[in-house]
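The values are calculated or read from the model by the stated rules, or taken from the named source; none is laboratory data. Remember, it's a predicted structure, so these values are computed and weren't measured experimentally. A quick note on method: Cβ atoms are made from the backbone with ideal geometry, for glycine too, and the neighbour counts reach across all protein chains shown.
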Amino acid sequence: MPLILFNKPFQVMCQFSAHPSRPTLADYITVPDIYPAGRLDADSEGLLLLTDDGQLQHNISHPALKQPKTYMAQVEGIPTQALLARLRDGVDLGDFRSQPCQAREIEAPDWLWPRDPPIRQRQDKPTSWLALTLTEGKNRQVRRMTAAVGLPTLRLVRVAIGKISLQSHPLWPGESVEIDPADLTAPRK
């Protein structure tokens, strides 16, 4: 039962079947019969776990099991305490209200790889970084949440799922490593 930690690059599709214009997981992962436990959209980067164990996949990705997922978001604008409180309390996104989460401003991560291509830079708009930890994961949820409070996401990187993080398992985009499934519940390093 392999558990593969993969650092998904920007614009890679979270599927093994061919895509007409973008690379897919098949371009990076050669282990047979494994599937992603959850997804990241093409515009997002970072931690993705893959396994051949259906129960483990369910335990990682199912929202009812509350496996926290931590994201770093580079946003346009400077967050106020009121905007961070709105994110933490849950945001009305029209079709649903996000559950309460952890949200805080952080320094720009010095360990993070440069994105290719780089994000757009606007001279009249400052950017900042947020760390958000959610226990749910609906389609483009972090991007929708930050936009709803007036801080559009420019770059989104998932850095942790449960106890597994890219800081404790450093990988460059496109790299993967097999890890012990017990790492999911082991204390964070």
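Key figures
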read-out	value
Selection status of ALA42, farther than 19 Å from GLN67 by Cβ and under 16 Å from the mean Cα position of the chain (by Cα)	yes
Condition met for GLY38 (within 20 Å of HIS169 (Cα to Cα), in contact with a Lys or Arg (Cβ under 8 Å, 6 or more places away or on another chain) and modelled with pLDDT under 95)	yes
Count of residues meeting criterion [in a loop (DSSP other than H, G, I, E, B) and in contact with a helix residue (DSSP H, G or I) (Cβ under 8 Å, 6 or more places away or on another chain)] in the range 13-38	7
Qualifying residues in the range 64-75 (those that are at pLDDT below 95 and touching a Leu at 6+ places or on another chain (Cβ under 9 Å)) - the one farthest from GLN167 (Cα to Cα)	GLN67
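Quick grid of which residues meet (1) crowded, with 17+ Cβ neighbours inside 10 Å; (2) under 24 Å from LEU112 (Cβ atoms); (3) without any contact (Cβ under 8 Å) to a residue 24 or more places away in the chain:
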position	(1), (2), (3)
GLN15	no, no, yes
ALA18	no, no, yes
ALA26	no, no, yes
LYS66	no, no, no
GLN74	yes, yes, no
